[in-house]
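Values in this text are rule-based calculations from the coordinates and carry no lab data. All values derive from a computational prediction rather than experimental measurement. Cβ: placed from backbone, ideal geometry, glycine included. Neighbour counts: every protein chain shown.
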Amino acid sequence: MSNLSIGRPPDTLPRVSFDVSGDAYDRFMGRYSRELAPVFADFCGIRPGQRVLDVGCGSGVLTEELANRVGAENVAGVDPSPMLEACAARVPGADLRKGAAEELPWPDDAFDGALAQLVVHFMDDPRAGVAEMARVVHPGGVVSACTWDFAGGMQLLRSFWEAARAVKPEAASETTFGTLEELDELWNAQGLEEIELAPLEVATAYSDFDEVWGSFQLGVGPAGQYLVSQEPEAQEAIREEYYRRLGEPAGSFELTARSWAARGRVS
C-alpha cells in the first residue's frame with residue numbers, strides 16, 4: 001500500500017450537491033459526458049449479451065450509451081440525485097434505483113460489469129464505493145471508472161479555477177483526487193486483476209463564450225456552485241478573467257478534456 005490518501009482533500013470544496021435538473025447537467029458537463037461515454041464503454045469492452053451497471057448514472061448519458069450496446073433491459077443505474085428522473089426518461093426500461101455507490105441495492109455477482117463515469121471523485125468513500133462495484137460483479141467481470149484530469153487536462157474547469165483564484169486567492173479547487181496513481185492504488189486495494197490505466201481524450205464545441213459562461217451560471221457541480229455563491233461584482237470579475245484565460249474567443253471554439261480511466265477484473 002502506498003502513502004496516497006484516498007478521500008476528499010482538505011483544501012477542496014465541501015461535499016457537492018447535484019440537486020439540479022438533468023437539462024442543467026447536460027448543458028454544463030453532459031456535453032462532455034456524451035463525447036466520453038462511447039470512448040469509455042469501448043475501454044471497458046462493453047458488448048451485446050452483457051448485463052451492466054452505471055454507478056452514479058445522473059441524467060443517463062452513459063446509461064443510454066450502454067443501452068444502445070446491450071439493450072435497456074440489460075442495463076441498471078443508481079444515483080442519489082433528482083437527475084435520476086431524467087435518466088428514466090432517457091432510458092426507459094432500464095433498472096434504475098435511487099441510492100449511493102457505497103451501498104448498491106443489488107445482490108452479489110449480479111452484473112458482467114460496473115462502470116462509474118466521472119463519479120469516483122464525488123463518492124463519500126471511494127474505497128467503499130469501488131468495493132461495492134466489485135461485489136455486484138461476478139468473477140471475471142469488469143469494474144471500471146474514469147475521472148477528469150483536473151491537474152492539467154480539463155480546460156473547462158482548470159481555467160475556471162485559475163480565473164477564480166486570480167480574483168479570490170482563497171477560492172478552493174475542484175478536487176485533486178483521481179490521479180492515475182490514486183486510481184491504480186484504489187483498484188489494487190480491491191484485489192482486482194488485469195488492471196489497466198489509460199487516458200481518454202475528448203473535445204466539445206461551443207457557439208461562443210456566452211454559451212460556456214452561461215453553463216456555469218446554472219450552478220452545476222463545484223464550479224457552478226462556487227460561481228453562483230459569489231456577489232455579482234465577483235462573478236463579473238471571474239467572467240472577465242476566464243474569458244482572458246480562454247484566449248478571448250470570438251465565435252465558435254472547442255475545449256478539450258482528458259480523463260484518467262482504470263479497469264480491472266474481479267478475481
Subject >> Cα→Cβ-extended label distance, 7 Å offset, between residue 170 and residue 102, nm >> reply: 2.9 nm
**OP:** Could you order peptides 192-201, 235-244 by the average number of other Cβ atoms within 10 Å of their residues, highest first?
**Re:** 235-244, 192-201
Subject >> Net charge, residue 230 excluded, C-beta distance under 13 Å - Lys, Arg +1, Asp, Glu -1 >> reply: -2
Original post:
Under the Karplus relation 6.51 cos²θ - 1.76 cosθ + 1.60, θ = phi - 60°, what is the ordered set of whole-Hz ³J(HN,Hα) values for region 147-157, x standing for Gly and Pro?
Top reply: 9, 5, 7, 5, 5, x, x, 10, 4, 3, 8
**OP:** In whole Å, largest first, what are the principal axis extents of the Cα atoms in region 96-180?
**Re:** 50, 22, 21
**OP:** Return the Cα extents of region 22-265 along principal axes one, two and three, sorted largest first, each rounded to a whole Å.
**Re:** 54, 36, 27
Original post:
Spin-label point model (7 Å from Cα, Cβ direction): what's the residue 27 to residue 125 distance in nm?
Top reply: 3.7 nm
Original post:
If you rank 63, 147, 179, 204 by fewest surrounding Cβ atoms within 10 Å, what's the result?
Top reply: 179, 204, 147, 63
**OP:** Could you check what % of the DSSP bridge pairs in the chain are antiparallel, to the nearest 5?
**Re:** 55 percent
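For region 165-267, compute Rg over Rh where Rg is the Cα radius of gyration and Rh is the Kirkwood radius from the inverse mean 1/r over Cα pairs.
So for region 165-267, dividing Rg by the Kirkwood Rh gives 1.10.
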Original post:
Suppose every K and R has +1 on its Cβ and every D and E has -1 on its Cβ; what is the size of the dipole of region 22-265 about the Cα centre, in Debye to the nearest 20?
Top reply: 300 debye
**OP:** For the chain, find the longest principal axis of its Cα atoms and tell me its angle to the long axis of helix 61-70, 0 to 90°, nearest 10.
**Re:** 30 degrees
Subject >> GNM flexibility winner over the chain from 78, 202, 137 (Cα, springs under 10 Å) >> reply: 202
Original post:
Among 83, 96, 71, whose Cα sits farthest toward the positive end of the charge dipole of region 35-115 (+1 at Cβ of Lys/Arg, -1 at Cβ of Asp/Glu, about the Cα centre)?
Top reply: 71
